[in-house]
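Since the structure comes first, as structure tokens, the remarks are kept for the end.
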Amino acid sequence: MALNAEQLTLVQSSWAKVVPIADTAADLFYSKLFELDPALRPLFPEDLSEQKEKLMKMISLAVEGLTDLGALVPEVEELGRRHATYYKVTPPMYATVGAALLDTLEKGLGAGWDEAHKEAWTIVYTVLSTTMLEAGEEKKTDA
């Protein structure tokens with residue numbers, strides 16, 4: 001991973017500021033996601049409460065796991081396999097999710113968001129989403 005120590009600190013410290021506003025952040029995320037691609041809405045349950053909770057927990061797990069990639073990568077790979085198998089997630093969908101995540105962080109952190117945060121979060125999301133995509137592709141070729 002091309003994330004340096006300063007970027008790791010930026011990601012973890014900024015996420016710590018999002019956790020107390022998790023409900024608002026989840027609302028911002030899904031609003032932006034469905035604004036960017038309304039075709040994604042039917043992939044989710046009508047009531048997003050449980051999904052929002054899962055999203056925030058998964059991001060927390062990933063952010064905490066950045067210091068232990070040996071434990072994090074298999075979790076992320078499994079998540080990628082599930083998304084490929086059950087939800088038929090495609091590469092463009094990952095790009096949309098990444099854009100919604102960055103928008104959520106920018107809005108949620110307000111003045112605490114800057115180019116350094118954007119760069120660090122982009123690296124993290126790119127590595128994690130690539131790991132998920134690759135695991136999902138392996139699942140398809142194994143089937």
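The values are calculated or read from the model by the stated rules, or taken from the named source; none is laboratory data. Remember, predicted model here, so these are calculated numbers, not experimental data. No Cβ is skipped: glycine too gets one built from the backbone with ideal geometry, and neighbour counts run over all protein chains shown. Accessible surface areas use protein heavy atoms only, side chains included; no ligands, DNA or RNA. Shrake-Rupley method; radii C 1.70, N 1.55, O 1.52, S 1.80 Å.
One table, with the values for the structure above:
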{"read-out": "Sole residue being at pLDDT below 95 and surrounded by fewer than 20 Cβ atoms within 10 Å (Cβ to Cβ), chosen from 126, 90, 130", "value": "90"}
{"read-out": "Residue match in region 100-113 (condition: outside any helix (DSSP H, G or I), in contact with an Asp or Glu (Cβ under 9 Å, 6 or more places away or on another chain) and not small (Gly, Ala, Ser))", "value": "yes"}
{"read-out": "Wholly enclosed helices (runs of 4 or more DSSP H) of region 1-78 bearing at least 1 residues over 15 Å from residue 103 (Cα atoms), at pLDDT 95 or above and open to solvent by less than 70 Å² (accessible area, probe 1.4 Å)", "value": "5-18, 49-65"}
{"read-out": "Condition broken by residue 89, with the remaining ones in (1) within 22 Å of residue 38 (Cα to Cα); (2) under 15 Å from the mean Cα position of the chain (by Cα); (3) in a helix (DSSP H, G or I); (4) among the hydrophobic types (A, V, I, L, M, F, W, C) satisfied", "value": "(3)"}
{"read-out": "Conditions (1) open to solvent by less than 30 Å² (accessible area, probe 1.4 Å); (2) at pLDDT 95 or above; (3) more than 13 Å from the chain's Cα centre (by Cα); (4) of a type in the set (Gly, Ala, Ser); number of the one not met by residue 84", "value": "(2)"}
{"read-out": "Selected residue (criterion: surrounded by the fewest Cβ atoms within 10 Å (Cβ to Cβ)) from residues of region 94-119 that are touching a Ser or Thr at 6+ places or on another chain (Cβ under 8 Å) and within 14 Å of residue 13 (Cβ to Cβ)", "value": "112"}
{"read-out": "Residue pairs meeting the criteria (Cβ under 9 Å; at least 6 apart or on separate chains; first at positive phi, in region 64-90; second open to solvent by 50 Å² or more (accessible area, probe 1.4 Å))", "value": "88/43"}
